[in-house]
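What follows is one structure encoded as structure tokens, with my remarks underneath.
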């Protein structure tokens, strides 16, 4: 009896040290903060949580792709720019060219994937460091987005030949993605985020390329010498990241009812922060998608709590920075 | 061998791009006067609009040719580009500087050389320039405050969504507004810095909606912010109970929102592009112009949008 | 050291171990991998400070909280894993953590001079301003030794210091040890190599499974008794080799060249030709830098297409392009550095075992964890792998068991040709024996084996034929019967030797 109790105690103790437990711990702490600073009870309304999920979904979708890339031991700085590029493309195709939603979605996914594959080839074939390659893609995609949009937001206001503007109805796909379902209780983009999480989970845990992603991040030399197709898998990871950026871009455009070439600036930093706080190591080879979900929720709740309490901008920045550091230190407890 | 190939490809690509850029600047006929326009950045749509306004006004006059340079928000770059205008012998310079102090010397240099300089929207220091054209954010904010007070019959709960509060437009639109509603029963129940961005405004509005059951009006420092707040309210089913007011009134943005009924009103923040070209013509034709020209602003509401808005009285 | 106990997250690694050392003696610490030797010396050297028990230096009790504290008291450890920083220069590495300063600034010139002087006294005349990563593994180990030898050491611990050294370098090291003995240093020496134990030891202490088994004077100690203490059982034959029936030629290499990109006109592998038959073990001898590992790597495809020559596998032409193609063609390469490029440390035993053959376990891309675990379990059994569970990350295994996982990975690919590069490096006696048995079994099955090993007895015992390489070329070939240590060494050093 005593032996069994001891065994289960050891098992519990071991779980408490696991990355999942630590990420969960950070989330619980933030949640408790929300309960304490609940802004006249606003924190107890479901609408607050539903809106937090809506706001964080686009970042979360970016974080899914970022998780894949970080586990391979790389990084993707271009996610914000690809988001803007695809947001602009989607708006142009559906609003101004009247192209059907499914076709426009497929084209935008291809654009995002192409950007990702471009970065991936630079990294895998030409051995350029991920930081530099994706930095270059970040600048290039941003420029491309500004080029095809003429530097202007692509909205439902269409310019007529005489220079004046008239407005058209927003395409149905926009209103659909911007809406809520299940009795107004959950936003469509949150469901899209959930689907992206599940796709990432299946890839990382159930498919062969997922195992290869972990192997390459854990020890690239060992993976290569074991016959793992390292170049192909890396290119796949970055290509998928680009694909997720495109999904995020379409969601962003729908929520803003416009494609903004300036969208997504500094989103890559939020995505990276969410992945890191979740416990996936930047060194690669460790981590997982559910950890990223915990990181996404942690940051999402943090921002929401600061927002409903109308905390001033200066204090917000300092608090967010401090909590990110605290969460990461908490992750670093001794093995 | 690989490296040489790479260099050749890079040079070829660069040559194509640069030659493509150069072509656009060839004009059909010889213009009489060349104007150099130095824009601090083209990242803000409002500045893109400013350049567009200048171009439209200048196109109507065949004796004018305008060369646009974009400093990409870099003061040193803008200084260098202005110096290029001076040495290329521009007949007149229009400049919208990023910051006052670093660009004052180069503007003074042009002015002292006899090149007329029109400073647009943001100031330089001192008086070594021909003319300053700009709108007054404080006045606009105050006008908005007074208009809102009138609309709400001097009493109501207002949410203020602010632009970047470390920038003067944000501070001025904020302080002007406070001045405008002073003495009335208008209460600002929630304020947040949405940094001019629509997604941020939507998020902040969601928080406000979660906290307060009664909101009468949202005053946003720019139209994208007001639009974001509208979307948040719409998602909560409360957009009919709340009025929305924004600033900028760009024809493809704020004015459309007013037409659609999204915004109750939008206060124009004029770019001054058209006025700049008109004043430039006067200067080039030898006429005297005022040193300070404050642009008038219009307010666009659903009632007056077809007539092109209503001028705000100068107060 | 008295009654030392240490546990890692619940697992007891040392129980009640006692150890003492006299000045001027070489005390060998022996035992299988996982016996606790590394842990014990890390406690002495200040790497771990949470343990129970007592340590006395002379009359005074000590307890070190950091490596520098131990170093200050004259205790220095030369670890098995090199602690050098690749991109930093040799001089910077030698003084890492103990930099000399003039006031506030680093005194680089004096450090460079001292570093050079010390290295010369070890017989190494190299450019101390070049990064350490530029030098071959053997030289790096000498640099590591130089780093640890401070001016006044009372106790020096050496953990498998000769594993990457060539014969002449080993001799130099033994000379240094002699000198240190005469200076009154106490030396703790950890090794697996029998000849070294008997050559150097004044006393021998054996640990097994975290416990102290015995301490005895080296003189007059029976080899068999020593092995028995270490493994707890009698090992009659250290190197049993059962010759298998040789069949057709499985691997044929002709005029194989790998150019040296850093030095014009030089070749890493220069016009090498050889053949290996089914069931045969071909041993390759040579000193460090002779190109043996590069030869195997080139055949395996690690140099991509920038190799010349002809390779035939089972009679069919084979062009090395990348490791993936080589695995497909039936070649397996077990590298000499499992930590660097043999295992993914964070992954568990199952995942490492299936890594090279994963397509077989994932029809249509979907992984089948159950079949992976089953295959790994089968391998673990046939290799006598000692692990608490197959779910363990491989970094928690001992060296010998780690090597078994690497072996399992390659056997899982069902290879026709096995290229083994130092398969028993860092492996304890018991596991070594098991690996030799495996090599016998493989050759019985008809697999052609190429064996690189720097341990002469192992080479002589297990090879059916031996070729010797020197500076990228084959300088001699011997049959099992005609090979002797002296002839091989001479050929390895470039001299002409009759077969």
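The values are calculated or read from the model by the stated rules, or taken from the named source; none is laboratory data. All values derive from a computational prediction rather than experimental measurement. No Cβ is skipped: glycine too gets one built from the backbone with ideal geometry, and neighbour counts run over all protein chains shown.
Kindly indicate whether any position in region C:135-149 is surrounded by fewer than 17 Cβ atoms within 10 Å (Cβ to Cβ) and either touching a helix residue (DSSP H, G or I) at 6+ places or on another chain (Cβ under 6 Å) or free of Cβ contacts under 8 Å to residues at least 12 places away in the same chain (or both).
Quick first cut of region C:135-149, residues surrounded by fewer than 17 Cβ atoms within 10 Å (Cβ to Cβ) only: C:136-137.
Going one step further and asking which of them are either touching a helix residue (DSSP H, G or I) at 6+ places or on another chain (Cβ under 6 Å) or free of Cβ contacts under 8 Å to residues at least 12 places away in the same chain (or both), we end up with none.
Scanning region C:135-149, I find no residue that is surrounded by fewer than 17 Cβ atoms within 10 Å (Cβ to Cβ) and either touching a helix residue (DSSP H, G or I) at 6+ places or on another chain (Cβ under 6 Å) or free of Cβ contacts under 8 Å to residues at least 12 places away in the same chain (or both), so the answer is no.
Could you tell me whether any residue of region C:391-398 is in contact with a strand residue (DSSP E or B) (Cβ under 8 Å, 6 or more places away or on another chain), in the same structural domain as residue C:433 (by TED's automatic domain parsing), farther than 19 Å from residue A:217 by Cβ and without any contact (Cβ under 8 Å) to a residue 12 or more places away in the chain? Write out each step before concluding.
Taking region C:391-398 as the starting set, the residues that turn out to be in contact with a strand residue (DSSP E or B) (Cβ under 8 Å, 6 or more places away or on another chain) are C:391-394.
Now restrict to residues that are in the same structural domain as residue C:433 (by TED's automatic domain parsing): C:391-394.
After this cut, where a residue has to be farther than 19 Å from residue A:217 by Cβ as well, the list is C:391-392.
Right, trim to without any contact (Cβ under 8 Å) to a residue 12 or more places away in the chain and you get none.
Taking every residue of region C:391-398 in turn, none turns out to be in contact with a strand residue (DSSP E or B) (Cβ under 8 Å, 6 or more places away or on another chain), in the same structural domain as residue C:433 (by TED's automatic domain parsing), farther than 19 Å from residue A:217 by Cβ and without any contact (Cβ under 8 Å) to a residue 12 or more places away in the chain.
Among the residues of region B:236-245 satisfying the criterion of being in contact with a helix residue (DSSP H, G or I) (Cβ under 8 Å, 6 or more places away or on another chain) and over 18 Å from residue B:188 (Cα atoms), which is nearest to the other protein chains (Cβ to nearest Cβ)?
Across region B:236-245, the extreme among qualifying residues is B:236.
Restricting to region C:421-443, name every residue that is in contact with a helix residue (DSSP H, G or I) (Cβ under 7 Å, 6 or more places away or on another chain) and not in a helix (DSSP H, G or I).
C:421, C:423, C:424, C:426, C:427, C:428
Select from region A:197-225 the residues that are surrounded by fewer than 24 Cβ atoms within 10 Å (Cβ to Cβ) and more than 10 Å from chain C (Cβ to nearest Cβ) and list them in ascending order.
Matches in region A:197-225: A:197, A:198, A:199, A:201, A:204.
So which of C:35, C:70 is under 18 Å from residue C:160 (Cβ atoms) and either touching a helix residue (DSSP H, G or I) at 6+ places or on another chain (Cβ under 9 Å) or part of a loop (DSSP other than H, G, I, E, B) (or both)? I'd like the intermediate steps shown before the answer.
Details: C:70 fails: under 18 Å from residue C:160 (Cβ atoms).
That would be C:35, the only listed residue that is under 18 Å from residue C:160 (Cβ atoms) and either touching a helix residue (DSSP H, G or I) at 6+ places or on another chain (Cβ under 9 Å) or part of a loop (DSSP other than H, G, I, E, B) (or both).
For residue A:128, only one of the following conditions fails: (1) out of contact with any helix residue (DSSP H, G or I) (no Cβ under 6 Å at 6 or more places or on another chain); (2) without any contact (Cβ under 8 Å) to a residue 40 or more places away in the chain; (3) outside any helix (DSSP H, G or I). What is its number?
The number of the failed condition is (1).
Take the residues of region B:187-210 that are in contact with a strand residue (DSSP E or B) (Cβ under 7 Å, 6 or more places away or on another chain) and outside any helix (DSSP H, G or I): which is farthest from the other protein chains (Cβ to nearest Cβ)?
Step by step, filter region B:187-210, then rank; the result is B:187.
Consider residue C:419 against the criteria (1) within 14 Å of chain A (Cβ to nearest Cβ); (2) in contact (Cβ under 8 Å) with a residue 12 or more places away in the chain; (3) over 29 Å from residue C:291 (Cβ atoms): it satisfies all of them except one. Which criterion is unmet?
(3)
When you check residue B:158 against the structure, is it farther than 30 Å from residue B:301 by Cβ, more than 21 Å from the chain's Cα centre (by Cα) and crowded, with 23+ Cβ neighbours inside 10 Å, yes or no?
Values: farther than 30 Å from residue B:301 by Cβ: no; more than 21 Å from the chain's Cα centre (by Cα): yes; crowded, with 23+ Cβ neighbours inside 10 Å: yes.
No; evaluated as a whole, the condition is false for this residue.
Going through region C:132-184 one residue at a time, which ones are closer than 19 Å to residue C:38 by Cβ, at pLDDT 75 or above and either outside any helix (DSSP H, G or I) or not assigned by TED's automatic domain parsing to the domain that holds residue C:74 (or both)?
Result: C:155, C:156, C:157, C:158, C:159, C:160, C:161, C:162.
Please find, within region C:87-123, the residue that is surrounded by the fewest Cβ atoms within 10 Å (Cβ to Cβ) out of those that are modelled with pLDDT of 80 or more and part of a loop (DSSP other than H, G, I, E, B).
In this case the residue turns out to be C:87.
More than 8 Å from every other protein chain (Cβ to nearest Cβ), more than 24 Å from residue A:91 (Cα to Cα) and surrounded by 24 or more Cβ atoms within 10 Å (Cβ to Cβ): does that describe residue A:247?
On the way: more than 8 Å from every other protein chain (Cβ to nearest Cβ): yes; more than 24 Å from residue A:91 (Cα to Cα): no; surrounded by 24 or more Cβ atoms within 10 Å (Cβ to Cβ): yes.
Answer is no for this residue.
Return the total of residues in region B:211-225 being within 13 Å of chain A (Cβ to nearest Cβ) and not in a loop (DSSP other than H, G, I, E, B).
4
Listed here are the residues, each with its yes/no results for (1) surrounded by 21 or more Cβ atoms within 10 Å (Cβ to Cβ); (2) touching a strand residue (DSSP E or B) at 6+ places or on another chain (Cβ under 6 Å); (3) free of Cβ contacts under 8 Å to residues at least 60 places away in the same chain.
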position: B:241; (1), (2), (3): no, no, yes
position: B:245; (1), (2), (3): yes, yes, no
position: B:255; (1), (2), (3): yes, yes, yes
position: B:261; (1), (2), (3): no, no, yes
position: B:273; (1), (2), (3): yes, no, no
position: B:277; (1), (2), (3): yes, no, no
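Is it the case that some residue within region B:137-152 is farther than 30 Å from residue B:35 by Cβ and outside any helix (DSSP H, G or I)?
Yes; the residues of region B:137-152 include at least one that is farther than 30 Å from residue B:35 by Cβ and outside any helix (DSSP H, G or I).
Return the residues of region C:303-357 that are in contact (Cβ under 8 Å) with a residue 60 or more places away in the chain, within 7 Å of chain A (Cβ to nearest Cβ) and within 30 Å of residue C:165 (Cβ to Cβ); say none if nothing qualifies.
The answer is C:333, C:335, C:342, C:343.
One residue is enough: does region A:148-169 have a residue meeting the conditions part of a helix (DSSP H, G or I) and at pLDDT 85 or above? Outline the logic, then answer.
Let us first name the residues in region A:148-169 that are part of a helix (DSSP H, G or I), namely A:148-149.
Next, only the ones that are at pLDDT 85 or above stay: A:148-149.
Among the residues of region A:148-169, at least one is part of a helix (DSSP H, G or I) and at pLDDT 85 or above, which makes the answer yes.
Could you list all residues from region A:250-281 that are within 14 Å of chain C (Cβ to nearest Cβ) and surrounded by fewer than 24 Cβ atoms within 10 Å (Cβ to Cβ)?
Taking region A:250-281 as the starting set, the residues that turn out to be within 14 Å of chain C (Cβ to nearest Cβ) are A:279-281.
A:281 - this is the single residue of region A:250-281 that is within 14 Å of chain C (Cβ to nearest Cβ) and surrounded by fewer than 24 Cβ atoms within 10 Å (Cβ to Cβ).
Could you tell me which numbered condition residue A:148 fails, if it satisfies all but one of (1) farther than 21 Å from residue A:255 by Cβ; (2) away from every other protein chain (no Cβ under 12 Å)?
(1)
So which of B:262, B:289 is in contact with a helix residue (DSSP H, G or I) (Cβ under 7 Å, 6 or more places away or on another chain) and away from chain A (no Cβ under 14 Å)?
Numbers: B:262 fails: away from chain A (no Cβ under 14 Å).
Being in contact with a helix residue (DSSP H, G or I) (Cβ under 7 Å, 6 or more places away or on another chain) and away from chain A (no Cβ under 14 Å) holds for just one of B:262, B:289, which is B:289.
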